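A.B. asks: Below are the structure tokens for one structure; questions will follow.
The values are calculated or read from the model by the stated rules, or taken from the named source; none is laboratory data. Only a predicted model underlies this, so the values are computations on that prediction, with no experimental measurement involved. Counting neighbours? That spans all protein chains shown, and the Cβs are built from the backbone with ideal geometry, glycine included. Accessible surface areas use protein heavy atoms only, side chains included; no ligands, DNA or RNA. Shrake-Rupley method; radii C 1.70, N 1.55, O 1.52, S 1.80 Å.
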Amino acid sequence: DTQDTTGTVLSETDASGLTEEAVREAVLCFVGDYDQIPPMYSALKVNGRKLCDLARQGVEVERKPRTVTMDRLELRQFDEASQTGALFLACSKGTYVRTILHDLGRALGCGGVMTGLERQSSCGLTLEDCVTFAQVEAARDAGTLSELLLPVDRMFAAYPALHLNPAQSRMYRNGVKLSLDRLTLPEQSEKY
């Protein structure tokens with residue numbers, strides 16, 4: 001019911017005849033844009049109430065499909081004996097990975113459930129940028145914790161730089177809200 005292994009099993013299907021080739025072919029149908037129905041076990045709100053709260057009360061409501069984009073979806077591994085595999089994907093904001101597996105299982109006619117998830121990148125940060133709790137504790141004890149910190153501007157690396165002229169800078173520092181149409185962009189003539 002949660003589309004992952006933390007939920008209650010609703011049904012079981014013998015999928016012993018499912019082949020790696022069939023899974024690879026089905027995966028291709030999900031690349032690009034597709035309409036995904038959000039799962040009941042999600043924080044999405046309907047009429048001001050979280051779907052997960054409703055689901056825990058045994059209430060199921062109709063959810064409208066949302067278009068999500070699968071930039072990349074590939075089968076990295078599939079074991080026909082255990083009927084388990086590993087996918088790699090790059091998707092748009094708002095995509096429910098558990099639901100991709102649920103929908104893939106439905107397309108294959110056997111059902112599907114997520115058994116694990118590893119996010120390898122988000123907002124321009126990757127696993128290589130991460131440190132373990134043990135590393136944080138060791139750096140704290142050694143007094144080198146600041147060496148693990150990334151510069152704040154790394155969080156904005158994916159966004160274009162905006163440059164304020166001296167008058168705009170003064171106004172911004174004094175709390176004036178600046179609108180984008182009044183900012184000087186490198187390719188525009190000065191408007192302010």
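A.B. asks: So which chymotrypsin sites (Phe, Trp or Tyr not before Pro) in the range 1-87 pass both tests, a DSSP loop state and at most 10 other Cβ atoms within 10 Å of the Cβ?
C.D. replies: When the chymotrypsin sites (Phe, Trp or Tyr not before Pro) of the range 1-87 are filtered for loop state and at most 10 Cβ neighbours within 10 Å, nothing remains.
A.B. asks: Compute, for residue 31, the solvent-accessible surface of its heavy atoms (probe 1.4 Å) with the complete set of protein chains present, and express it in square angstrom to the nearest 10.
C.D. replies: Counting only protein heavy atoms, residue 31 exposes about 60 Å² to solvent.
A.B. asks: State which stretch of the chain is the longest one without any exposed GluC sites (Glu not before Pro), exposure meaning a DSSP loop state and at most 15 other Cβ atoms within 10 Å.
C.D. replies: Maximal segment without exposed cleavage sites: 119-186.
A.B. asks: How high is the FRET efficiency from residue 66 to residue 125, r the C-beta distance, R0 41 Å, rounded to 0.05?
C.D. replies: FRET efficiency, residue 66 to residue 125: 0.95.
A.B. asks: Place +1 on the Cβ of every Lys and Arg and -1 on the Cβ of every Asp and Glu in the chain, take the dipole about the Cα centre, and give the residue among 6, 117, 149 whose Cα lies farthest towards its positive end.
C.D. replies: Result: 149, furthest along the dipole toward the positive end.
A.B. asks: When the chain is treated as a GNM, springs tying every alpha-carbon pair under 10 Å, which of 107, 90, 81 comes out with the largest mean-square fluctuation?
C.D. replies: 81
A.B. asks: For the residue pair residue 134 and residue 37, what label-to-label distance in nm results when each label sits 7 Å from Cα along the Cα-to-beta-carbon direction?
C.D. replies: According to this spin-label approximation, the distance is 4.5 nm.
A.B. asks: What accessible area per residue comes out for the chain, rounded to a whole number of Å², with a 1.4 Å probe?
C.D. replies: 72 Å²
A.B. asks: Can you give me the Rg/Rh ratio for the chain, using Cα atoms for both radii and the Kirkwood formula for Rh? Present the calculation step by step, with values, prior to reporting the outcome.
C.D. replies: On the way: Rg = 23.2 Å, Rh = 21.1 Å.
Result: Rg/Rh = 1.10.
A.B. asks: Turning to a different aspect of this structure: Using only Cα atoms, figure out Rg for the range 69-144 and give it as a multiple of 2.2 N^0.38 Å.
C.D. replies: 1.50
A.B. asks: OK, next. Restricting to lysines 8 or more places apart or on different chains, can you count the pairs in the chain with Cα atoms under 22 Å from each other?
C.D. replies: Going through the chain pair by pair, I get 6.
A.B. asks: On the protein heavy atoms, probe 1.4 angstrom, tell me the percent of accessible surface of the chain carried by carbon and sulfur. Don't jump to the answer; show the numbers that get you there.
C.D. replies: Numbers: 7360 of 13920 Å².
Carbon with sulfur: 53 percent of the solvent-accessible area.
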